Every structure is written in structure tokens, then in C-alpha cells.
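Okay, here's the structure, questions in a sec.
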Amino acid sequence: MDALVSALYGIPIVGLVFQLGGYLIAVLPSIAPGILQAATPIAFAALCGVMCERAGVVNIGIEGIMITAAFVGWYTGVLLAPSMGSVDLGLFGANLALVIGLIVALLSGVVVSALHAWLSISVRADQIISGTIINIAAFGLTGYLNNLISKTSPNGAGSFTQFRLPREVLDLPIVGWIIGMFLNQGPIAMSVIVIVVVFQVLLFRSRWGLRSRAVGEHPRAAETVGIDVIRVRYRNVLLGGVFAALGGAYLSMEATNSFQQGMTTGRGFIGLAAMIVGRWSPVGAFGAALLFSSSTALGNSIKFSLPSGDLGTILGSLPDQFYDALPYLVTIVILAGVVGRSVPPAADGQPYEREATT
Amino acid sequence: MSEARPRSERWAPRQVARRVWSVIALPLISILLALIVGAIVIIASQLVLPGAQFNLLLPLTAYSALLQGAFGSFDAIVDTLVATAPLVLGGLSVGFAFKAGLFNIGAQGQFLLGALASVAVGVAVAGSSPLVAISLALLAGLLAGAAWGFIPGFLKAVSGAHEVVVTIMLNYIAIAVIAAVVGGPLRQQGRPEAITPDVGNAALPILIGNSGHAGIVLALVAVAFIAWLLFRTTLGFEVRTVGANPDAARYAGMRPRLLTMLTMSIAGGLAGLAGAVVVLGVTHLMTPSFGTTVGFDSIAVALLGRTNPVGIVFAALLFGALRAGATLMQIEAGIPVELIDVLQATILLFLVAAPVLRRVFRLRGVKTGIESTETITKTYGSETVTG
């Protein structure tokens, strides 16, 4: 077996592929939880995109909603930590301040989404411009406040911690690392799987889902059969805000325990790419998010421990920044390869105007 | 309508005033409202933050420092012009793409790559005669930006990948490229910190005051060139037609795919030139964390200037003044420079909500807030250029 492996690894050029395969098999169990963690904010951004665009509203302000929620969640924790930070809830390392922070973060996401909904649905502004404004405003406002706050370097309410599985379960071959990937996680990362499944079923199997899709495909026809297009669009954009806010809150309340200026680093837009690659379906978008995030996790793993042999020599000679840029590169390549065959909802991005009733 | 009137009447002071008002009314109201919102943000942030002293007049202190920093002295005015020059070029970049129905949200990445290329070439030719060195360094910035802009144009033309996502990704890749190159091959030997050598003779000459470099003139030349390109050439006509109605353009025998690639390359080149102007005119070298807000401000400049080259000059002057004055505002009033982003977003917000503003302020006969952006969202997703 070892002789075979070393023979395969020894083939010029092609051997590199085998070496990469061998490296992947070797590190996958250890980086699997990291893949889901890196995928969580991207998946939530993508779910927000699916929620909005299925109803015909383009939302490129997801990044802005995420950074707002990340800031608001963290800062609410800062304010409440002195009074409620010690009320331990016994699960996921949560205290009362942290949980209230999360709820306020979700509300802030809804508020920012409401602005986008008003501009794009009621004012009928260009939806991409509206999203851009939300991004500029959110980055400006959070940067402004963070700048004032960071002078005092306050303590936050901490962060949600991972669910601890017994060692014996995690040591099981294959099954162990699959379980570990999904259950050795904090509450927000764990919830993404539940939300994806529920959302997928509701979108394609429920009356609400049918109505949403009808509004996104052919709003005029939907209105004719008595669906309130404006209401459905508002509801979906506001709900999408909750998803994006969960993604933002994950960054400052679960992945880390503090807010950093611009900490979303394009995840909202990678989420949009995941939505397109996943063909506007929740499960597809989640799969694409996992694909994108595995490049992040793999890059981190390569930085941490290089594979052996020629492959390691090549990868080691690349600058560290190559691995920083890897997720963005992977996103462009996959998006360019898939997008031609991925069809958006027919009325995506088009403002809806009711016909005069008289 | 006005064509029917005699020429003398059309140029009567009242007519001219009415026409000027119809163009500037909404931007002016938006800017004033944004300043009010900014004041509310300043006051409200004192309430939210524990330990901050409450001062109801802080907005006034902040705005007067802002004004002082932007126009308070000859040097301040020159600094404002220096901050304006790259914004004009960046605004032209975003505005030109808008004309073709494309959203170049990646001006920042093209700006960074342009800056990097002109530093790399500038360092290499630092010893040549200034004319040669400056020309080569500027050209390098232009070409690098154009190449970085060509990528999303090409991908949109061949696969339909929307330029918004691709250019944002390229912005982040540009940051990594700069960190890698400035920290690696371009790094100056014998210095403890990663920093490039000086561009030497490739530095732009100073024309006005202490810091007013030739990039200001270059920006105005670019305005004239783009205005000529857009309104006096076949290419410009085709670009505007594709932006206004891609289907009509295709039926008229134009090639939207080719135009998409060309437009994004030109837009990228302009943003790259903006980067070149900043490094050759102001910093003369680069650090791995080199970055400015130019690329993002350019979007606001293009929108406020209604994607019109002349409008862009005035919009760039406004945001250049805000950026130049923000430093003094931070020092004197303790207001973080991010307030400028808030003002910027609020101005755009009011422009986008123009129908509402018009109703509230009973403005009749004024132009819409934001023009020629209708097709951007229309071409979202895969229903992009098909032909």
C-alpha cells in the first residue's frame, strides 16, 4: 500500500494531484468543523439573498446588514454585560447579556432591511443602488461608532461556545468527523443546518413559498389571483434581514468575542455568489457556501501544516497572501463557470407598480 | 419646449437660473439634509456612548472645523484639490461604466492595482529623466487598472457573471496582491518595515502651493477626454445606447459583449490612473496596507454627478473637500472621519428617494436624483448581455 502511494506520488505533475488528494483525505477530519464555521456567515448571507430574490427584490446590501448586526450585537453585550453578564444560562456558554445582544442584533438587521425594502419596493429606486447606499451607510456608521467606543476598549459579553461532544464519539472513523462537523459547533453555526432544511421545505412545499416564488416570477399574475405583491415582498426582505443579521452576529458573538471594523470582509457578496451558484435554492446555496468555505479552511490548514513532498514545496513557496485571496479567487472561478446555467427569478430586481384600479 | 422660444429669451437670466436650479435643486437639498442627519448622528452618538460629555453644539464645532480644513487657507484649498483629483478620475471610471449600464463597484481594486503598477515601474525608472519616468509610471497605472477592469468585463461577456460580485472579489484580491508584492519583490532592502523605495523622478511635479501636483491637471484632461469620447464619438454613442437599451443596441448591429469588455477596461484604466496619481503625486511610495477610500467614494461621486463628466467634477470637489477637511474635524472636534461615509450615504439616500423629496418640498420641473442607472439592476443575474 505504502509502495503504491509513493509510486503514485512520484509521477511528475500528475503525482501532485495524488498528493493533493492524499493531503485532503488526511486533513479533512480535522478541518471539517472549520469548514462549517467558515460557511456559516456565507450561508446566512446566501439565505438572505434567496429570501429576497425569490420574491423579486435584489439585495446587495447584505454585507451592510451583517456588519450592522455584528456591531449592534456586540455593543449591546458591552452595555448589558455589567448587569446581566453573570446570569449564566448553562448552555453554549451563554449569559443573559449575550442572548439579549443576539436578539437586538437580529432586530437591527430587520431595521436595516426595512430601509432597503422601503427604497426598493415603495420608492421603486434602483435596487442595486439602494443596496450600495446601505453598505456605505452601515460601514460608515459602525466605523464611526466603533472609533468612538474603542478608545475605552470595553469588555463585551463574551461569545457563544461550542457544544462539547464526548471524545469517544468524535474518534469514530468517518461517522465521528461528520458528527463533529455538525455538532461540535456553537448555536448559530448549528442553527444554519436546521434553517436551511426548513427554508427549503417551506419555499417549495408551502403556500407561503408558492406565493413568494409567484411574486418573484410574475408579480402581475400573482396580483391577479389575489396575492398582495407589495406585502409579500416586504415580508420576505424583512425576514431576509434576520438571516443576514444571524450571519453578522455569528462573526462578533460566536466566531470571535468582539467587533472589528469591516470584519465581514466581503462575505455578504460571497453569499450572493453562493446563492447564484446554488440556483436560488436554500440547499444549493448552502452547498455552494460549503464549497467556498472549504477553500478558506484548506488555506488555513496549509498555512498551519504543509503537505509533504513536492506539493508542499510548491505550496510553501507561495506567499501567505495567496491563501488570504483564495476564497475570493475560488468564488470568481466557480461563479464564472456556473452562472450561465443558473437562471434567476424572472421578475428579479424589477420594481412592481400596481395597475390603476379604476 | 425651450427650442420653440427665440434664442434671446432662452438665455435670459430668469431662464438660465431656472435651468440651473432644475439641475442643482435636488443635490443641494440632499446635501443640506445630509448635514442635518450628520448633526443628529453626532448628537445621538453622545447619548449612546457612556462617559461622553453631552454637547449640543458639537455638530457646529465639527462642521466649522470641516469647513476650515477644506477651505480655510490657501494650503487647505490646495489639499482639497489634491484630494479631488483622484476622485474625479475614479468618478469618471464609475460614471463611464454606468453609461453602459455596468456597475463598476470595483474601482477600489483597480485603483489599488494601478497604484501598485505605477510604483513598481516608477521605482524601476526612478533615475531616468522626469518626462520619461512620469509617462511610463502613469501608463503602467493606466494599463494595470485596465487589466483589472477587463477581468469582470470579460467574465460578464462570456459567462454572464455579474460584475458586482466579481469586482468586489477582485477588490479583496487586490489587497492581498499589494500586501504580497510590497512585502516581497518590491520591498526596499535594509529597512525594518516593509515599504517600497521612492519613485524618484517619476514623482509628479508640484504646480500650486506645497502639495498641488500635476495630477489635478491630468484629472481635468481626463474629464475633457471622457466627455469627448462619450458625446462626440461612435464608441461613446454605442456605449450610451447599450446602457439605455441593450436590445435596441443589438438590433442596431452593435456588439454588447465587446462593448462590455471595452467599457470595463476603460473604466478600470481611469481608476488605475487615479491610483497612479495618488502614489506619484502624494505618497511617492507604498506600504503593504496601502489603501484609501478613493475607490468607494468614486461611486458616490459618479451618482451625485449624475454620471455626467462635468457633474462628476463638482461632486468630486464636494467629497474631496469633505475628505480634506475631515482630518481637522477629527483633531478639533474628536469626530471620527467615518462621519464622511455617513454623510455620503445620506446624500445618496436622499437622491435615490428623489420622488419623495419632490413631493415633500413641492419641487416641480427639477430633474431626477440619479440618472442612467436603470439598466444595471435589469441586467442582474444571467439575463446579461446576450448577443
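Take the stretch B:99-126 and flag every residue that is of a type in the set (A, V, I, L, M, F, W, C), under 17 Å from the mean Cα position of the chain (by Cα) and assigned to a loop (DSSP other than H, G, I, E, B).
B:100, B:102, B:103, B:105
Which condition number does residue B:217 fail, the rest of (1) among the hydrophobic types (A, V, I, L, M, F, W, C); (2) under 30 Å from residue B:75 (Cβ atoms); (3) in contact (Cβ under 8 Å) with a residue 60 or more places away in the chain being met?
The single condition residue B:217 does not satisfy is (3).
Matching residues to (1) within 11 Å of chain B (Cβ to nearest Cβ); (2) outside any loop (DSSP other than H, G, I, E, B); (3) of a type in the set (Gly, Ala, Ser); (4) farther than 24 Å from residue A:66 by Cα:
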{"position": "A:250", "(1), (2), (3), (4)": "no, yes, no, no"}
{"position": "A:257", "(1), (2), (3), (4)": "no, no, no, no"}
{"position": "A:261", "(1), (2), (3), (4)": "yes, no, no, no"}
{"position": "A:265", "(1), (2), (3), (4)": "yes, no, no, no"}
{"position": "A:315", "(1), (2), (3), (4)": "no, yes, no, yes"}
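This table checks each residue for (1) more than 29 Å from residue B:186 (Cα to Cα); (2) in contact with an Asp or Glu (Cβ under 6 Å, 6 or more places away or on another chain).
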| residue | (1), (2) |
| --- | --- |
| B:265 | no, no |
| B:290 | no, no |
| B:303 | yes, no |
| B:316 | yes, no |
| B:324 | yes, yes |
| B:334 | yes, no |
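Would you confirm whether or not the stretch B:209-222 contains a residue that is within 14 Å of chain A (Cβ to nearest Cβ), touching an Asp or Glu at 6+ places or on another chain (Cβ under 9 Å) and surrounded by 19 or more Cβ atoms within 10 Å (Cβ to Cβ)? Steps first, please.
Looking only at the stretch B:209-222, we keep the residues that are within 14 Å of chain A (Cβ to nearest Cβ), and these are none.
Checked against the condition, which is being within 14 Å of chain A (Cβ to nearest Cβ), touching an Asp or Glu at 6+ places or on another chain (Cβ under 9 Å) and surrounded by 19 or more Cβ atoms within 10 Å (Cβ to Cβ), the stretch B:209-222 yields no hits at all.
So which of B:159, B:135 is within 14 Å of another protein chain (Cβ to nearest Cβ) and surrounded by fewer than 20 Cβ atoms within 10 Å (Cβ to Cβ)? Walk me through it before giving the result.
On the way: B:135 fails: within 14 Å of another protein chain (Cβ to nearest Cβ).
Result: B:159 is the single residue among B:159, B:135 that is within 14 Å of another protein chain (Cβ to nearest Cβ) and surrounded by fewer than 20 Cβ atoms within 10 Å (Cβ to Cβ).
What is the residue count in the stretch A:292-313 for residues that are in a helix (DSSP H, G or I) and either among the aliphatic types (A, V, I, L, M) or within 21 Å of residue A:162 (Cα to Cα) (or both)?
Adding up the residues that qualify gives 9.
What are the residues in the stretch A:12-34 that are surrounded by 17 or more Cβ atoms within 10 Å (Cβ to Cβ) and among the small types (Gly, Ala, Ser), if any?
Passing the criteria: A:15, A:22, A:32, A:34.
So, in the stretch A:210-230, how many residues would count as being within 26 Å of the chain's Cα centre (by Cα) and either without any contact (Cβ under 8 Å) to a residue 60 or more places away in the chain or not in a helix (DSSP H, G or I) (or both)?
Within the stretch A:210-230, the subset within 26 Å of the chain's Cα centre (by Cα) is A:210-217.
Among the residues that remain, those that are also either without any contact (Cβ under 8 Å) to a residue 60 or more places away in the chain or not in a helix (DSSP H, G or I) (or both) are: A:210-211, A:214.
Residues in the stretch A:210-230 being within 26 Å of the chain's Cα centre (by Cα) and either without any contact (Cβ under 8 Å) to a residue 60 or more places away in the chain or not in a helix (DSSP H, G or I) (or both): 3 in total.
Test of understanding: among B:273, B:318, which residue is crowded, with 24+ Cβ neighbours inside 10 Å and in contact (Cβ under 8 Å) with a residue 60 or more places away in the chain? Write out each step before concluding.
Details: B:318 fails: crowded, with 24+ Cβ neighbours inside 10 Å.
Of the residues listed, the single one that is crowded, with 24+ Cβ neighbours inside 10 Å and in contact (Cβ under 8 Å) with a residue 60 or more places away in the chain is B:273.
Follow-up question, since we're still on this one. Determine, yes or no, whether residue B:277 is at pLDDT 95 or above and away from every other protein chain (no Cβ under 14 Å).
On the way: at pLDDT 95 or above: yes; away from every other protein chain (no Cβ under 14 Å): yes.
Criteria met by residue B:277.
Shifting gears a bit: Could you count how many residues in the stretch B:324-360 are over 18 Å from residue A:145 (Cα atoms) and either more than 11 Å from chain A (Cβ to nearest Cβ) or of a type in the set (D, E, K, R) (or both)?
Count: 6.
A further question follows. Could we say that residue A:289 is part of a helix (DSSP H, G or I), closer than 30 Å to residue A:225 by Cβ and more than 8 Å from chain B (Cβ to nearest Cβ) here?
Details: part of a helix (DSSP H, G or I): yes; closer than 30 Å to residue A:225 by Cβ: no; more than 8 Å from chain B (Cβ to nearest Cβ): yes.
The answer is no for residue A:289.
Pull out all pairs, ordered by first then second residue, where Cβ-Cβ is under 6 Å, the residues are six or more apart or on different chains, the first lies in the stretch B:123-134 and is β-branched (Val, Ile, Thr), and the second is surrounded by fewer than 18 Cβ atoms within 10 Å (Cβ to Cβ) and not in a loop (DSSP other than H, G, I, E, B).
B:125/B:136
The values are calculated or read from the model by the stated rules, or taken from the named source; none is laboratory data. On a predicted model such as this, the values are computed, not experimentally measured, just so you know. All Cβ positions, even for glycine, are placed from backbone atoms using ideal geometry, and neighbour counts span all protein chains on display.
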